[in-house]
Number of protein chains: 2
Amino acid sequence: MKSTNIVWHEGNVTAADRWRRNGHKGAVIWLTGLSGSGKSTLAHGLEKELFQRSFHAYVLDGDNIRHGLNANLGFSPRDREENIRRVAEMARIMADCGVVVLTGFISPYRKDRRRARRIAGGIDFVEVYVDAPLDVCEQRDPKNLYKKARAGEIKDFTGIDAPYETPEAAEITVRTDRATVEESVAFILEKLLPRLKIDRLPIGL
Amino acid sequence: MKSTNIVWHEGNVTAADRWRRNGHKGAVIWLTGLSGSGKSTLAHGLEKELFQRSFHAYVLDGDNIRHGLNANLGFSPRDREENIRRVAEMARIMADCGVVVLTGFISPYRKDRRRARRIAGGIDFVEVYVDAPLDVCEQRDPKNLYKKARAGEIKDFTGIDAPYETPEAAEITVRTDRATVEESVAFILEKLLPRLKIDRLPIGL
């Protein structure tokens, strides 16, 4: 905490005001899994389904946010930690603003995912484990990254020379090697929709 | 640019889709001015007026974002630059998502404000100079920061021992020492509303 001499401004428009008007709560849907497990595909599928149901939904993913907000971060453990922290802060604000935020980041460390949940605070945080065996992800290799990692051209690649810590208590788990994209999207959506209802708002929002 | 091995995912839902459904464009409204000039007050006033007119609007300001996304940044020139860069990236994404983003940051350097505009890309960027003479701001001193800066308790304080580079071509300028909050909000709003209409969408969105 470097920032000092700052005070909170009471917003005139609250999260509850926005959520009521949108007809649904904001939330952080945190997809985690290996590269090639299908996080971005599922996130974009969910975004589309939610949009068609009149929800405000938005995907933040490793591939697009790293061109902007986190363009000055690499893939070392420290940079991954800061990457996840910034995404979590951004997701919190967007959810406060009324959006169902779908994040698609490998986010390999349990500690970082716990922190993302803590950052969400009073906002619903749903961890979705996008599970597929390493060999399946490596076979898919949509961006030829596993090939490069095996050839030593990429360092610190999750699953090859960097660890992936599997979720211990994810709210939702999908096995993308056993279900189609459509099936996985439908499965997650069914679990999500009841959580986005505004009949009960958390205190303080 | 440290990030490598990343590719863009085509989003299925576009900014234009969201803007059309919301009935207005997303935009970045960038308020700049000295501490105590009234940036946050005006931003929150605009947010409320816009919300009441069924716009999606959200304030990002120095006082609240520095508790979260930018809690690991101080007030040195380098940290101020990174502060503004992150806010600009975040504002761009939120505007893409459909929101009229109202940022209230001192953002004292022209170079940084130019960069924020560049980051917005095809999204409308409206620089609002919240202008009040230093002595008026110092007299208001709502957070006792000028007092502390004069006493040497705060370093690098804009207007005291750090520069403020006045905007050369702000889209909107308000003199908050000559108008009430309500007058300034109304003045800005009148200029803003036509720009938020969706009859003309920028190409590529």
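Convex hull of alpha carbon positions in the range A:135-191: directionally averaged projected area 4.8 nm².
Send over the semi-axes of chain B's equivalent ellipsoid, whole angstrom and largest first, taken as the square roots of 5 times the C-alpha gyration tensor eigenvalues. Present the calculation step by step, with values, prior to reporting the outcome.
Working: eigenvalues 174, 94, 35 Å².
Semi-axes (√(5λ), whole Å): 29, 22, 13.
Each residue in B:I198, A:I123, A:I172, A:I84 was given a count of other beta-carbon atoms within 10 angstrom of its own, and listing them fewest first yields B:I198, A:I172, A:I123, A:I84.
All alpha carbon pair distances within the protein assembly as shown were sorted into 10 Å bins beginning at 0; the resulting P(r) in whole percents reads 5, 22, 31, 25, 13, 4, 1. Taking other residues whose beta carbon is less than 15 angstrom from the beta carbon of B:I188, and scoring Lys, Arg as +1 and Asp, Glu as -1, yields -2. Compared with the dominant principal axis of the Cα atoms in chain B, helix B:110-120 is inclined by about 20°.
The simple Förster model, with R0 at 22 Å and r as the Cβ-Cβ distance, assigns A:K155 and A:R118 a FRET efficiency of 0.15. Once you list every other residue whose beta carbon is under 10 Å from the beta carbon of B:V130, what net charge do they have if Lys and Arg are +1 and Asp and Glu are -1? Charge balance in the 10 Å sphere: +1. When B:Y58, B:Y164 are sorted by how many other C-beta atoms sit within 10 angstrom of their C-beta, beginning with the fewest, the order is B:Y164, B:Y58. A helix-only calculation puts chain B at -12500 deg cm²/dmol for mean residue ellipticity at 222 nm, using -39500 (n - 2.57) for each DSSP H run of at least four residues, averaged over all residues.
Taking springs between alpha-carbon atoms closer than 10 angstrom, which of A:N70, A:N83, A:N144 fluctuates most in the Gaussian network model of chain A? Taking springs between Cα atoms under 10 Å, the residue moving most is A:N144. Computed from Cα atoms, the angle from the helix A:77-96 axis to the main principal axis of chain A rounds to 30 degrees. Where the centroid of each part is defined by its Cα atoms, how far is the range B:127-184 from the range A:32-81 in Å? About 38 Å separates the Cα centre of the range B:127-184 from the one of the range A:32-81.
Hey, any idea what Rg/Rh is for the range A:23-144, computing Rh the Kirkwood way over Cα pairs?
On the way: Rg = 14.0 Å, Rh = 14.6 Å.
Value, to two decimals: 0.96.
For B:E127, the residues whose amide H sits under 5 Å from its own are B:W30, B:E171, B:I172, ignoring neighbours fewer than 5 places away on the same chain, with H placed 1.01 Å from N.
We did not get these values from a lab; they are worked out from the coordinates using the rules stated. Because the structure is predicted, anything quoted here is derived from the model rather than measured. Methodologically, a virtual Cβ is constructed for each residue, glycine included, from the backbone with ideal geometry; neighbour enumeration extends over all protein chains shown.
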